[in-house]
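Below: the structure, in structure tokens.
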Amino acid sequence: MAWATVAFDLLLAVGLGWLAWQSMHGTGLFRAVVSFMVFGLLMALAWVRLDAPDIALAEAAIGAGITGALLLSALSRWPEADGSPDVDRRRRWAPGFWMPTAIVLLSLLGLAAWRLPAPGLGVETAAALGLAGVDNPVTAVLLNFRAFDTLLEIGILLLGAVVIWSLGTLSQPLAPTAPSPALPALGRLLFPAFVLASTYLLWRGGHAPGGAFPAGAVLGAGGILMLLAGARPWLTSDEHGPWRWILALGLLAMLAAAVGVLAVGQDFFQYPPALAGPLILLLELTAGLSIALLLFALYLGGQPPVRWDRGPTP
Amino acid sequence: MTPYLVLAAVLFVLGLHGLFVCRHPLRKILALNVLTTAVFLLLVTVARLAEPLDPVPHAMVLTGIVVTVSTTAVALALAARLAAFGRGTGGKRRTDGS
């Protein structure tokens, strides 16, 4: 069946290339955004083919799901297009410069990718896995061996939310002006399923693909669904001020763990092997909560008002 | 794994081309996303070629996906503000700046 897998890979690669082209040059912004979302979903398939199920989960939840929601919400808030073409036709077809450059760049990149030596940290990671406190090598790298990267990453998410909130207060209504009557009931029905799925992903992260990032993304998506259904429950400075600390909880917990192990005679982020398992579970829990709320905050696109307007949107 | 290596190179060039040529900010942001996906694809394909499977690039790509979504969100928010600001004086939509 070797030819079947090769045919599948080729079909997937051609489809991905075409969707990428459509997302930049397709007619109409809506079509471009939807092409990109389909591109993200097909990428998840490609990650599975490349034996990277952790990335497939994250790509499906974050790359296609949350990014798609962000893009669609930005599209709806965008001022109407002014009729000018999306692509500068003069520059697009300057073949004398673009075509040779693109071909040279493409062949150089292809050659470089072809000749690149494969990295070889697989053996070292497998050898150290016994000390990591978890069985899933990707989780071990993320939260133990290279935990500093994850600390910075959560810092970047927090920074993104702070930048967006500092751009001004949210003024536009977020829910659709004529929401479907089924949406609130459906949202209420589905939200427990979102919570259950993200808890399962979080727990699974210790021994199989999963972990804080897909879990947080699923929970954040559930929050966005509730928001679209008309719920206004979160992040106001008036009613839920203290709850906003959850946004920073993941970062603070990781910093506390990194500095805390210094007190028991270890190095920065070097967990004592006996405590590594529970510590990683705790960090995953706090990071998952933080990521869910941070993605939700990014989706809002502005600082929430002091108090949500609870009246029906006209 | 050759199709994926070639796809990574093609997506990189496509994304770079789109980043320079597209005029609409939303399309530029999409091009940037395609560009990052190309880099992730290269990393993961190279990790797949290693024996045994190397989990370190996987963790790096997971980190990268989250950083990309933060970048996209900030870029979208900035671009939307810019678009609204540009039409703020003459257009029919006026933002509530205060």
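The values are calculated or read from the model by the stated rules, or taken from the named source; none is laboratory data. Because the structure is a prediction, the values reported are computed rather than measured. Don't worry about glycine lacking a Cβ; one is built from the backbone with ideal geometry, like all the others, and counts go over all protein chains shown. Note: accessible area is taken over every heavy atom of the protein model, side chains too, but ligands, DNA and RNA are not part of it. Shrake-Rupley method; radii C 1.70, N 1.55, O 1.52, S 1.80 Å.
The table below gives the values:
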| quantity | calculated |
| --- | --- |
| Shielding by partners - mean other protein chain Cβ count within 10 Å, residues of A:127-133 | 0 |
| Probe 1.4 Å - accessible area at A:M43, Å² to nearest ten | 0 Å² |
| Heavy-atom accessible area ranking, 1.4 Å probe, most first, across A:I62, A:I103 | A:I103, A:I62 |
| Number of partner chain Cβ atoms within 10 Å, mean per residue of A:268-276 | 0 |
| Distance (nanometres) between label positions extended 7 Å along Cα→Cβ at A:A274 and A:A112 | 4.9 nm |
| Shielding by other protein chains, A:260-267, mean Cβ within 10 Å | 0 |
| With DNA, RNA and ligands ignored, accessible area of A:R204 (1.4 Å probe; Å², nearest 10) | 60 Å² |
| Kirkwood hydrodynamic radius (C-alpha pairs) into Stokes-Einstein, region B:2-85, 20 °C and 1.002 mPa s, D in µm²/s | 154 µm²/s |
| Cβ-Cβ FRET estimate between A:L262 and A:V162, R0 fixed at 22 Å, reported to 0.05 | 0.20 |
| Two-site FRET efficiency, A:V38 against A:T101, from Cβ-Cβ distance with R₀ of 30 Å, rounded to 0.05 | 0.55 |
| A:R244/A:L152 FRET efficiency (R0 22 Å; Cβ-Cβ; nearest 0.05) | 0.55 |
| Region B:2-85 - percent relative contact order, Cα under 8 Å, separation 6 or more | 28 percent |
